[in-house]
Amino acid sequence: PAFATGWWFGLGYFLAGLWWIGNALLVEADSFAWALPFAVVGVPALLALFYGLAAALARAMWGRGLVSIFALAFGFGLAEWLRTVLFTGFPWNAVGYAAMPVPLLMQSASVVGLEGMNVLSVFVFSAPALLGRQGARWVGLGLAALLCLLHVGFGAWRLSQPEGEPASTLAVRIVQPSVAMDVKWDRAEEDRIFGELMELSAAPPAAGQPKPQVIVWPETSVPFLFTERPEALAAIGAMLTEGQVLLAGAVRSEGTGSEAVYYNSIVAIDAGGEIVDAFDKVHLVPFGEYLPFAPLLERLGLTRLVAGPMM
């Protein structure tokens with residue numbers, strides 16, 4: 001029963017918070033809309049298993065009054081940590097985020113980290129349940145109130161501290177052409193999209209502002225593989241001046257043919273048109289960037305999710 005209670009809570013929690021996963025299937029809705037239940041309901045149902053585990057673990061340590069609140073906080077803290085590391089990790093929508101909606105309330109994470117915020121948040125959120133129980137209820141409520149005061153007070157104090165003079169400053173230009181997903185990987189749109197990125201990047205700085213040292217393009221901004229279009233790298237090198245660096249979200253490939261593996265990456269390109277560094281995304285979005293339970297779903301005909309090479 002405890003596991004079922006945690007699972008049902010988790011299902012509602014993740015249904016409300018992860019509905020956006022289904023957007024990947026609507027890019028080509030005529031082909032993949034049928035799979036929306038797998039993404040919009042299936043993923044929350046699986047993630048709810050962690051909250052079922054949290055409730056079952058808390059029930060195993062259950063006690064009178066304050067002990068039960070500590071047990072629940074520990075169970076959810078452990079479950080949220082497991083959710084970040086198991087099966088490549090899926091750390092979105094941690095319960096601790098509810099205690100950090102504005103910068104004032106985000107500062108405590110610098111001390112206890114997200115894992116600590118998960119534990120402390122569940123403790124504080126659960127403390128009102130002590131009103132209906134005997135035992136050390138006023139101790140628990142007082143501790144929850146103290147944690148809230150410390151949380152807010154530390155945030156106010158930290159934000160009030162003078163920042164001081166920075167050791168150095170960096171002029172950054174962020175480029176966002178807002179390309180619609182349904183045309184993102186259209187071969188006929190490649191040159192237009194790339195040209196718009198280049199035009200925005202090469203624009204002169206506003207009056208009195210320094211020339212950007214770093215130019216940032218969005219995730220998967222480049223609508224092709226750089227290995228297929230080396231002239232694009234040359235054009236970027238020609239656009240950049242000495243000392244400038246472009247950080248571009250791009251799909252990177254390793255291998256050829258059926259053995260090719262694709263990565264959602266960020267690449268650093270210098271003024272010589274060379275990729276000097278790259279970093280691959282680790283925590284992938286299910287159905288958007290990889291296909292969970294691929295052997296089963298591929299037999300049902302779901303082999304690719306969104307237009308583009310990252311399948």
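The table that follows gives values for the structure above.
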{"read-out": "Within segment 64-108: backbone nitrogen closer than 17 Å to the residue 219 label point (7 Å, Cα to C-beta)", "value": "84, 88-94"}
{"read-out": "Fraction of alpha-carbon pairs over 26 Å apart in the chain - percent", "value": "61 percent"}
{"read-out": "Fraction of beta bridges assigned by DSSP in the chain that are antiparallel (%, nearest 5)", "value": "65 percent"}
{"read-out": "Segment 124-195: C-alpha gyration tensor shape, a/c 1.5 cut-off, then a/b vs b/c", "value": "oblate"}
{"read-out": "For segment 203-228 and segment 183-201, distance of Cα centres in Å", "value": "13 Å"}
{"read-out": "Computed lengthening from residue 15 to residue 271, 0.36 nm per intervening residue step minus Cα-Cα distance", "value": "87.6 nm"}
{"read-out": "Accessible surface ranking that places the most exposed of 283, 151 first, with a 1.4 angstrom probe", "value": "283, 151"}
{"read-out": "More than 24 angstrom apart: percent of Cα pairs within segment 17-176", "value": "53 percent"}
{"read-out": "Within segment 61-78: backbone nitrogen closer than 14 Å to the residue 114 label point (7 Å, Cα to C-beta)", "value": "77-78"}
{"read-out": "Estimated inter-spin distance, residue 154 and residue 172, nm [label 7 Å along Cα→Cβ]", "value": "2.5 nm"}
{"read-out": "Rounded if a/c under 1.5, otherwise prolate or oblate - segment 86-241, Cα gyration tensor axes", "value": "prolate"}
{"read-out": "Of the DSSP H helices in the chain, those whose Cα atoms cover at least 15 Å axially and whose Kyte score averages 0.5 or more", "value": "2-17, 43-60, 66-85, 109-126, 137-160"}
{"read-out": "Area accessible to solvent at residue 61, 1.4 Å probe radius, in Å²", "value": "80 Å²"}
{"read-out": "Net length gained if the chain between residue 23 and residue 183 were fully extended (0.36 nm per residue, minus Cα distance)", "value": "56.1 nm"}
{"read-out": "Separation in nanometres of the label points that stand 7 Å from Cα toward Cβ, at residue 202 and residue 161", "value": "4.5 nm"}
{"read-out": "Exposure of residue 281 as accessible area (Å², to 10), given a probe of 1.4 Å and all protein chains", "value": "70 Å²"}
{"read-out": "Solvent-accessible ranking of 147, 18, largest area first, probe 1.4 Å", "value": "147, 18"}
{"read-out": "Three-way shape label, segment 36-92, alpha-carbon gyration tensor, a/c 1.5", "value": "prolate"}
{"read-out": "Chymotrypsin sites (Phe, Trp or Tyr not before Pro) lying in DSSP loop within segment 41-121, provided at most 14 other Cβ fall within 10 Å", "value": "62"}
{"read-out": "Exposure of residue 66 as accessible area (Å², to 10), given a probe of 1.4 Å and all protein chains", "value": "30 Å²"}
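The values are calculated or read from the model by the stated rules, or taken from the named source; none is laboratory data. Not measured: the values here are computed from a predicted model. No Cβ is skipped: glycine too gets one built from the backbone with ideal geometry, and neighbour counts run over all protein chains shown. Heads up: the accessible areas ignore ligands, DNA and RNA and are worked out on the full protein's heavy atoms, side chains in. Shrake-Rupley method; radii C 1.70, N 1.55, O 1.52, S 1.80 Å.
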